[in-house]
Amino acid sequence: MALGTTRVARIIVGIVLLLCSSCGTSGAEEVCDSALVSTLPPSSFRSSSQLSSSHAPGFAKLNRREGAGGWSPLSSDGYQWLEVDLGERTKVTAVATQGRYGSSDWLTSYLLMFSDTGHNWKQHRQEDSVGSFPGNSNADSVVQYKLQQPAVARFLRLIPLGWNPNGRIGLRLETYGCPHSDLDGSSSSLVYRSIPGWSPTSGEVVSLEFKTLRNSGTLLEAAAAAGGGSLGLELERGKLLLLLRQGGTSSSEPRRLASLGSLLDDQHWHHVAVEWRGAHLNLTVDKHTQSLDSLKPLVSKRNFHGCLENLLYNGLNLIERAKHEDQQVTLGDVTFSCAEPVSVAVTFPGPQSFLQLPGAMASASAGVSVGFQFRTWNEAGLLLTFDLPQEGGVVWLYLSEARLQLQIHKDGKALLELSAGSALNDGQWHSVDLTSGRGRLSLPSQVFCSIYFFGLLGGYLHNSVCRNPFDIFQGCMRLLTVDDQPVDLILVQQRLLGNYSHLQIDMCGIIDRCSPSHCEHGGLCSQSWTVFHCNCSDSGYSGATCHSPVYEQSCEAYKHNGDTSGHFYIDVDGSGPIGPQLVYCNMTEEITWMVIQHNNTELTRVRPAPGVNRHLVHFDYSSREEQLSAITGQSQHCEQELSYHCRKSRLLNTPEGSPFSWWLSGPGAGRLQTYWGGAQPGSRQCACGLRGDCVDPQHYCNCDADRPDWAADSGLLTHKESLPVRSLVLGDIQRPGSEAAYRVGPLRCHGDKNFWNAAFFDKETSYLHFPTFHGELSADISFLFKTTASSGVFLENLGIKDFIRIELRSSAQVVFSFDRPLDDDRWHRVRAERNVKEASLRLDELPAAARQAPADGHFHLQLNSQLFIGGTASRQKGFRGCIRSLQLNGVTLDLEERARITYGALCRNRGRCAEMPSGFRCDCGPSAYTGVFCHTEVSAAFKPATSVAYTFKGPYELARNSSAPPSSIYSDVTPRGENVSLSFSTSQSPALLLYVGSYYREYLALLVNKHGEEDIVLIFQVNQNAREDFNLTSDGEFNAVRSLLLGRVQDSDELDPDLARLASLGFTGCLSVVHFNSISPLKAALLHPDSSPVAIAGPLVRSGCGASASANPYAAENKHHLTDRSGSVGSGQPLVNAIRTDSALIGGVIAVVIFMVVAGLAITARFLYRRKETYRNQEVKGVKPEDSPDFPFNNQTDSQDASSENRKEYFI
């Protein structure tokens, strides 16, 4: 495709047209709304009939009262029409109708037809398939309808569909638009050569309009100079192809770039545009656009026969230039006229359609001769039947399995059976000749017939009471001949020849419902005359348009359904564009892991190759790039093991300062990474370097010690933005004695952020609102809900006329009725879908309730209001209960995030709406708060002897009890950052509020500073005062957390004397809502002392000393709106600001926790205080942008800092 696109961008020199006709002017869009009918003479009006001379069609002008006040036909039935000759080809933009003046005669609906010649009418449709237009409700009001796509034609015909049942057909009308200037051209060629050296900067655009009766031929060819290739626009079987022919010879095989349109041989004008800008190429046919695509090669051998107009090249009207004999334009036998053959077609739309034509009079020399062309989408249908009076038999010509079949029956026996053709239901025109003694399908000689029936007669054979055994024919016919004489269908329409019923004469009403295809996700489209079908086999989707996903979106969802470990297909974005993928779901642990394999997850020995200094390994995953990106984005946590086993093979650090090895991460070619498993992004270290236990303290990786014994650097990569590992580059492997092995484990993820995303609606006036939902043609909505209420609106989005709403109407109804109660306080799943074929709604696993789209077609859903969840725009009939996992077109709406800035959710402070065996509640597990809505602070009064110690699992205990690989044993005790929040009140100064110790004699201490001290290096905020930012810097990481202590620290051997003395004094005052990362130690000690790893010494009494000023969960509900809270802080951010005072007293409640302050009083502090080990600061040279990803580093000497003792103290 890249080659084709590059070639296309160069084809800008010449354009060759094999056939051309009229042209138009370019320029700005002009106003096109002038009245067109009011000034026309009466001779410009025709009609099927008229009730009297005073009801003639010439009186059908808007707001006129002449004659009887408008047009009325002789009889009011479906065969009437009114025709207007606009005098020239005109752009029609709107139509207005009115009833007959002073009467009860008006239309309620009608069809619009357009034509250039007064024959071969084309029905004008709105929104692809909707054909009817709304009419009037009385005789005087005017109803105007603006055409979404203007029509260009000379003749307009209006066909009444419905009228006042207490009156008759009556009509006055007006059309609005403007003249359409054109020049007609006929067959031959036109050549345009651009100015040498001229090249547009904005790209290339070629547009034209054409019409033809033939389904194949070359429209246009754009050729580059000096054999640079050419672009071609060609018709093939009624579709328009964009072809690229490489090389300078016309015999070279072209490559198909794009294909668009269908049934373009209908002798109606079609607009075509080819636009290429840089590497982008678009083909537009009428109002549909397709981007550059690579398809199979195709060779075209036919010239185009038809008419062209409005040929524009980068805004230059080439036909206009040709008319004025521009020297850049060369003509070849061109005349500016377009002679159109008149071809009258007839449409058989339904089961009551038939056409009866007379045959030759019976005589000894008479024979049978019938010919016609037909087109259809149906595989079966009776085309023609007639009797054989002399033989006493009957002839049937019909389609069966898309083949043409001929049968002659007599006395119930088949005298003759013939078959011809195949795949005749392709929508193309096919010719049939039926003669006695000659032709492709022949009858015995000396056979004659007096009457021919095309189609059916009321569903029965014309001379029988027996129902016709054949299917009805739905399609078009034209060029009918009987006894070698053409049939004038206009005489048939005027009832002057033969007979007919339920036909559409002088038009072919075929519609290609598969172009463009409404089948999504690769579903295959097939069609009959009236409907299309989507084959969704092997697509992973279901439904009328292959829109609904078959598979769940995560392993979490499968486990919730009761499945066990195994391989499952998951569809990460539901009905979105990303397809399903096969993964392994490990459900043996409490956490459900999703495992994505790649082509080499085993420990692999590196084998040096002669002359190769570095070993490069690429990893191919079982999932595509967009699938991997969606998985990591949706999951709460992802990890991948990265291990290197070495023997005299260095890994990262070198004497020159550049790493020997690195890896590439993330999407595409990947981003270069120079840290290893177990370390943090940008650290340029291994896990042992962060822990301070490398075999050589002078290095940050075990392998960098360069020892002859086997060593290893292993760990987990957990930074989701850097996953997965795409490739690995290993360096130091060529020296004598160097040996190495690597392992990159599978990508493992857990936690579905979308599945449990929930909001709780406590009142009928509660709601959440989102931007307007866009689901014009295809939309799906799914969610789970639970409630004890019997009614309420789940979702509503309004438009000017359209709307969508899903509501619980009673205890047993969700819009459609289901025979089970829905207010049972259990989770129920709702899935609603609307597409061009149907609207459906499904509850739980019950059968879906569906309503088919109207036979006349579908409308685009036009919405413009906000999307309301849990309520309505009128704030009435809101839903009370829980809604979770709400998805629109596969995209999950973040209810929890939206609930932080509106009052739709009452589970606060990280609380979640959670399921119970018979109800729902706020799960306060992740929160430091308790209570019904997780709004009650957990506080305790501390005495000097009080001590609360929370013990974390040690690395060796984790290794014994976990099934995770050894490299992951520090993952739970080595936080990626420390997030501390608490509230306190005390009169003690200085005072130790919180102490966190590690297995490596590191610690974090949070203190109330002594009066007058100036050592504050934090990011914090107090109450509602302005937030102040302070930076923390550290050369190491806080690793392997051992314990967290509140109050008195019993064992203070690892502290310096000053801090140890302060720790031994304990804390006197109140502590409340203490939160450290995901741990709430004070809550665990007070509410769950027996089941939590806490040890309590001294008096600890739960107290209300830290209660917020307002404990009412509804206090803020009516005071704050979305605009008030647009800057609300999330739960993971610090919310309080420490303010230094001139007094040692810091009494009272410092933090006031209200509805939207999610994390309480958050003070984030991270520091490293007096490590016993020594660290060597080593700077690694950066990567130059222009370096290759495989070998990006320059070997430059970098001096190393000597090791030094680092002591860091941070105080409040």
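The values are calculated or read from the model by the stated rules, or taken from the named source; none is laboratory data. Note that the structure is predicted; figures quoted are calculated from it, not measured. Every residue, glycine among them, receives a Cβ derived from its backbone with ideal geometry; neighbour counts consider all protein chains shown. What goes into the accessible areas is simple: the full protein's heavy atoms, side chains included, and nothing from ligands, DNA or RNA. Shrake-Rupley method; radii C 1.70, N 1.55, O 1.52, S 1.80 Å.
Measure up LYS61/LYS801; LYS763/LYS786; LYS122/LYS287 against 25 Å on the Cα-Cα distance and list the ones that go over. The answer is LYS61/LYS801. Note on ASP696/LYS943: beta-carbon distance plugged into 1/(1 + (r/R0)^6) with R0 of 51 Å gives a FRET efficiency of 0.60. Sequentially through the stretch 555-561, phi angles give Karplus couplings (6.51, -1.76, 1.60; θ = phi - 60°) of 5, 4, 5, 5, 5, 5, 7 Hz, Gly and Pro residues having no value and appearing as x.
How much length, in nm to one decimal, is gained on full extension between HIS430 and LEU40, taken as 0.36 nm per residue of separation minus their Cα-Cα distance? Working shown, then result.
Details: separation 390, 0.36 × 390 = 140.40 nm, distance 4.10 nm.
Gain on extension, HIS430 to LEU40, equals 136.3 nm.
Which part of the stretch 987-1005 falls in the paramagnetic zone of THR1068, meaning amide N under 14 Å from the point 7 Å along Cα-to-beta-carbon? From the stretch 987-1005, the list is 987-992.
With θ taken as phi - 60° and the Karplus curve 6.51 cos²θ - 1.76 cosθ + 1.60 applied, the whole-hertz 3J(HN,Hα) list for the stretch 619-631 is 10, 9, 8, 6, 10, 6, 4, 5, 5, 4, 5, 5, 5 Hz, x standing for glycine and proline. The residues of the stretch 667-817 expose, per residue, 36 Å² of accessible area to a 1.4 Å probe. Remark: C-alpha extents of the stretch 586-626 on the principal axes read 49, 25, 11 Å, sorted largest to smallest.
Please give the length that would be gained between ASP77 and GLU776 if that part of the chain were fully extended, namely 0.36 nm times their separation in residues minus their C-alpha to C-alpha distance (nm, one decimal).
Values: separation 699, 0.36 × 699 = 251.64 nm, distance 3.53 nm.
Once the chain is fully extended between ASP77 and GLU776, it gains 248.1 nm.
Where does the stretch 564-657 land on Rg/Rh, using Cα atoms and the Kirkwood Rh? All intermediate terms of the calculation are to be shown ahead of the outcome.
Working: Rg = 18.0 Å, Rh = 16.6 Å.
Using Cα coordinates only, the ratio equals 1.08.
Less than 5 angstrom separates the built amide H of LEU74 from those of SER49, GLN50, LEU51, all sequence-distant by 5 or more or on a different chain.
Per residue, how much accessible area does the stretch 38-131 show when a 1.4 Å probe rolls over the protein heavy atoms, in square angstrom? It would help to have the intermediate numbers written out before the result.
Working: 3410 Å² over 94 residues.
Here the per-residue accessible area is 36 Å².
Rule-of-thumb check for the stretch 58-106: C-alpha Rg over 2.2 N^0.38 Å?
On the way: Rg = 12.4 Å, N = 49, 2.2 N^0.38 = 9.7 Å.
That works out to 1.28 for the stretch 58-106.
Full extension of the segment from ASN499 to LYS753, taken as 0.36 nm per residue of separation minus the current Cα-Cα distance, would add 84.6 nm. I want to verify the translational diffusion coefficient of the stretch 500-550 in µm²/s; compute it with Stokes-Einstein, Rh as the Kirkwood radius over Cα pairs, at 20 °C and 1.002 mPa s. The calculation lands on 173 µm²/s. A crude spin-label estimate for the pair LEU479 and ARG277, with each label 7 Å from Cα along the Cβ direction, gives 4.4 nm.
For the stretch 754-818, give the magnitude of the charge dipole about the Cα centre (Cβ charges: +1 Lys/Arg, -1 Asp/Glu; no others), in debye to the nearest 20.
On the way: 5 positive and 7 negative charges, 32 e Å.
Computed charge dipole of the stretch 754-818: roughly 160 debye.
Think of each Lys and Arg Cβ as +1 and each Asp and Glu Cβ as -1; about the Cα centre, that makes the dipole of the stretch 625-733 roughly 60 debye.
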